[in-house]
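The values are calculated or read from the model by the stated rules, or taken from the named source; none is laboratory data. These figures come from a predicted structure and were not determined experimentally. Glycine also receives a Cβ, built like all others from the backbone with ideal geometry; neighbour counts cover every protein chain displayed. For the accessible areas, the whole protein counts, side chains as well, though only heavy atoms, and no ligand, DNA or RNA atoms are used. Shrake-Rupley method; radii C 1.70, N 1.55, O 1.52, S 1.80 Å.
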Amino acid sequence: MFVPKRFDLIIFDWDGTLVNTIDWIVHCLQDAAVRCRFEVPEDQAAKDVIGLSIDNAVRQLFPEADKDARNTFIEHYGRAFFAKQLSRADLFKGVFDMLNVLRTNGYRLAVATGKGRKGLQKALMQTGTEHLFDITRCADETASKPAPVMLQEIIDRLEIPAERALMVGDSIHDLQMARNAGIVSAAVACGAHSPELLRQYDPLFNLEQTSQLLKFI
């Protein structure tokens, strides 16, 4: 029996949702803190800001830091982060095949990320995934999560109603952004935040791994 699709558009977060980079980001945030002689954040405190724009992340981690100190931190963080060369092997298991299956089945795909454009473009190229997405939006192009602007710009550009879109993410910032945009969400437990915390945002699906999405849609 034919079952019509509920969604036309699936929007993914990047780090911690499609790519296994959470531990690396935590290391780079902690490394930058050491170099700036800031108090080094605990692992979970660092994870808690992943998904925000880097400027908002630094403001949250180090509220007493002035603009010059924040900029120095961001420079150290960027230098450390970009020292790692990604590859398709850094995608979570099954993600590349999942994205191809979704496109083959007529879904439009997008990325909404707290990364900057330079970082995302490099990551897309290194993982060989740029061709799989219809549109991508980055935190330095618009408002940072959890503001809904990224999602609104994506659905407006693709002319897809909010009720036909699904946001998939690993952090509370992703799910709060989706809620703010009036878009349903799917939570994945392979990234920054625990399933218990993510469930507080009422995701439609709760997944252990992102590739399990295929079983639900």
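Rounded to the nearest whole Hz, the Karplus-based 3J(HN,Hα) values (6.51 cos²θ - 1.76 cosθ + 1.60, θ = phi - 60°) of the range 137-150 follow the sequence 10, 10, 5, 7, 9, 7, 6, 6, 4, x, 4, x, 4, 4, with x at glycine and proline. Of the three principal axes defined by the Cα atoms of the range 44-88, the extents in descending order read 38, 22, 15 Å.
Accessible surface ranking for Cys36, Cys138, 1.4 angstrom probe, highest first: Cys36, Cys138. Over what distance in Å are the Cα centres of the range 84-133 and the range 201-217 separated? Spelled out, the Cα-based centre of one part sits 18 Å from the other.
GNM on the chain, alpha-carbon springs under 10 angstrom: the most fluctuating residue among His173, His131, His27 is His131. For Asp140, nonlocal amide neighbours, meaning residues 5 or more places apart or on other chains whose placed amide H falls under 5 Å from its own, are Arg117.
Extension gain for the segment Ile217 to Arg157, taken as residue separation times 0.36 nm less the Cα-Cα distance, is 19.3 nm to one decimal.
Applying a DSSP loop filter and a limit of 15 other Cβ atoms within 10 Å to the chymotrypsin sites (Phe, Trp or Tyr not before Pro) in the range 1-83 leaves Phe2, Phe82.
Normalised by 2.2 N^0.38 Å, where N is the number of residues, the alpha-carbon radius of gyration of the range 14-147 equals 1.10. For the range 24-107, applying the loop criterion from DSSP together with a ceiling of 14 other beta carbons within 10 Å to the GluC sites (Glu not before Pro) yields Glu39, Glu42, Glu64. Split the chain at each of the trypsin sites (Lys or Arg not before Pro) in a DSSP loop with at most 10 other beta carbon atoms within 10 Å, and the longest piece is 38-217.
Which net charge results when you count Lys and Arg as +1 and Asp and Glu as -1 among the other residues whose beta-carbon is under 10 Å from that of Leu18? Around Leu18, the surrounding residues sum to -4.
Computed from backbone phi with θ = phi - 60° and the Karplus coefficients 6.51, -1.76 and 1.60, the 3J(HN,Hα) list for the range 49-64 is 9, 5, x, 6, 4, 4, 5, 5, 4, 5, 4, 6, 6, 10, x, 8 Hz; x is used for glycine and proline. The H on the amide N of Leu207, modeled in the peptide plane, is under 5 Å from the matching H of Ala187, Val188, Ala189, each at least 5 residues off or on a different chain. With a Förster radius of 41 Å applied to the C-beta separation of Thr104 and Asn71, the computed FRET efficiency comes to 0.40. Here the Karplus curve 6.51 cos²θ - 1.76 cosθ + 1.60, taken at θ = phi - 60°, turns the phi angles of the range 167-179 into couplings of 9, 10, x, 10, 10, 5, 5, 5, 6, 5, 4, 4, 4 Hz, with x standing for Gly and Pro. For the chain, with a Gaussian network of springs between Cα atoms less than 10 Å apart, report the residue from Asn56, Asn180, Asn105 with the top mean-square fluctuation. Looking only at Asn56, Asn180, Asn105, the biggest GNM fluctuation is shown by Asn105. Count Lys and Arg as plus one, Asp and Glu as minus one, and take only other residues whose Cβ is under 14 Å from that of Ile74; the net charge is then +1. Taking every DSSP helix (H) stretch of at least 4 residues in the chain, weighting each as -39,500 (n - 2.57) and dividing the sum by the residue count yields a mean residue ellipticity at 222 nm of -12500 deg cm²/dmol. Amide H contacts under 5 Å for Met167: Ile11, Val184, Ser185, Ala186, restricted to partners 5 or more places along the chain or on a different chain, H placed in the peptide plane at 1.01 Å from N.
For the chain, the antiparallel share of DSSP beta bridges with both residues in that region comes to about 5%.
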